[in-house]
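Comments concern the structure below.
The values are calculated or read from the model by the stated rules, or taken from the named source; none is laboratory data. Worth saying up front: this structure is predicted, and the values here are computed from it rather than measured. In this analysis, Cβ positions are derived from the backbone assuming ideal geometry, glycine residues included, and neighbour counts consider all displayed protein chains.
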Amino acid sequence: MKLRIIPWLALLTVIVSTYRFGGDFWRLNQLGVSTVHLKMTSQARAGFPPSAADNDALACHQEWLQFVHQPAALQPDVEQASRLIACSPTNMRMLWRTYPSEPALANLAVQLYPGQAAPLYWLISATDPKITEQSKPLIEEILRINPRDGLAWRYLGIILIQEDDIQGAIEAHIHSCYNGDPGSNGCYNAGRLLEQEGRYEEAISFYRLSIHDFIRANADRLEEMLANSQ
């Protein structure tokens with residue numbers, strides 16, 4: 001009988017120790033489970049589990065969970081959203097995904113997190129989703145922060161095409177191609193623009209760098225064209 005009791009005593013000890021020394025994590029988990037439950041079942045919203053989080057990071061997580069507990073709103077509560085943005089960069093990024101078209105919140109994020117690319121992307125999505133010359137200073141700032149940001153290079157390439165700076169657009173798309181080719185448009189547009197300029201061998205090389213068969217097929221087409229022209 002004693003042998004059967006021992007494992008349960010050990011489990012109880014672990015639970016008590018976890019709650020005693022990690023109470024904030026335990027309560028945060030309770031709040032997370034409660035949030036998921038209410039979102040999945042659409043039941044009436046109940047009170048939150050008791051919490052006394054002393055850790056700033058845990059408090060930020062709890063603040064976010066309390067925010068998503070609320071009914072969805074077309075317009076954010078600016079005061080609450082501002083607190084969430086200031087609370088942590090993680091909350092800021094999640095709020096960006098929730099309200100991508102709110103320039104006031106995006107501008108606040110830019111002020112609170114200088115030297116970070118995410119708030120600048122938020123400001124672009126809120127003010128210039130089609131990517132025009134208006135966003136060029138923001139994109140150039142992102143590239144100053146991280147010269148290996150393939151998406152920013154692609155956006156810059158789009159703007160340079162609009163400005164009729166084809167050589168600059170080619171170089172920007174080449175950088176995008178070499179830095180992850182986000183959206184698979186860097187390698188493709190580098191090849192496309194080089195082909196338009198009659199630089200077929202270079203175009204072939206960049207078409208070949210794409211991860212997509214249908215884009216690499218352009219390299220086959222160009223090679224066949226060059227072979228037939230000889």
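Residues in region 63-85 that are farther than 12 Å from THR98 by Cα, modelled with pLDDT under 80 and part of a helix (DSSP H, G or I): how many?
4
Working carefully through the options TYR188, TYR121, find the one that is free of Cβ contacts under 8 Å to residues at least 40 places away in the same chain, part of a helix (DSSP H, G or I), surrounded by 19 or more Cβ atoms within 10 Å (Cβ to Cβ) and out of contact with any helix residue (DSSP H, G or I) (no Cβ under 6 Å at 6 or more places or on another chain).
TYR121
Since ALA46 meets every condition but one in (1) assigned to a helix (DSSP H, G or I); (2) among the small types (Gly, Ala, Ser); (3) at pLDDT below 50, which condition does it not meet?
Checking ALA46 against (1) assigned to a helix (DSSP H, G or I); (2) among the small types (Gly, Ala, Ser); (3) at pLDDT below 50, the one that fails is (1).
For region 159-174, name all the residues that are of a type outside the set (D, E, K, R) and surrounded by 14 or more Cβ atoms within 10 Å (Cβ to Cβ).
Residues satisfying the conditions are ILE159, LEU160, ILE161, ILE166, GLY168, ALA169, ILE170, ALA172, HIS173, ILE174.
What's the number of the only condition in (1) out of contact with any Phe, Trp or Tyr (no Cβ under 9 Å at 6 or more places or on another chain); (2) of a type in the set (S, T, N, Q); (3) without any contact (Cβ under 8 Å) to a residue 24 or more places away in the chain; (4) more than 30 Å from ARG192 (Cα to Cα) that GLN116 fails to meet?
(3)
What about ARG93, is it closer than 26 Å to LYS136 by Cα, of a type in the set (D, E, K, R) and assigned to a helix (DSSP H, G or I)?
Yes; evaluated as a whole, the condition is true for this residue.
Any idea which residue in region 124-138 is nearest to GLY157 (Cα to Cα), counting only those that are in a helix (DSSP H, G or I) and of a type in the set (A, V, I, L, M, F, W, C)?
LEU138
Return the pair list, or none, for Cβ contacts closer than 7 Å from residues in region 212-230 that are assigned to a helix (DSSP H, G or I) to residues that are polar (S, T, N, Q), at least 6 apart or on different chains.
So the pair list comes out as ILE215/SER184; ARG216/SER210.
Being in a helix (DSSP H, G or I), modelled with pLDDT under 95 and not basic (Lys, Arg): is that true of GLY183 here?
Yes, satisfied.
Residue-wise test of (1) surrounded by fewer than 17 Cβ atoms within 10 Å (Cβ to Cβ); (2) in contact with a strand residue (DSSP E or B) (Cβ under 9 Å, 6 or more places away or on another chain); (3) at pLDDT 95 or above; (4) in a helix (DSSP H, G or I).
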{"site": "GLU140", "(1), (2), (3), (4)": "yes, no, yes, yes"}
{"site": "ARG148", "(1), (2), (3), (4)": "yes, no, yes, no"}
{"site": "GLY157", "(1), (2), (3), (4)": "no, no, yes, yes"}
{"site": "SER176", "(1), (2), (3), (4)": "no, no, yes, yes"}
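Can you confirm whether SER82 is without any contact (Cβ under 8 Å) to a residue 40 or more places away in the chain and within 19 Å of GLN134 (Cβ to Cβ)?
When the stated conditions are applied, SER82 does not pass them.
Between a residue in region 130-155 that is of a type in the set (Ser, Thr, Tyr) and any residue that is surrounded by fewer than 18 Cβ atoms within 10 Å (Cβ to Cβ) and in a helix (DSSP H, G or I), which pairs come within a Cβ distance under 7 Å, given they are 6 or more apart or on different chains?
That search, which allows pairs on different chains as well, returns THR132/GLN162.
On the basis of being farther than 23 Å from SER101 by Cα, assigned to a helix (DSSP H, G or I) and acidic (Asp, Glu), does GLU171 make the cut?
Taking the combined requirement at face value, the residue satisfies it.
Taking the residues in region 191-201 that are part of a helix (DSSP H, G or I) and not hydrophobic (A, V, I, L, M, F, W, C) as candidates, determine which candidate is farthest from GLN134 (Cα to Cα).
GLU201
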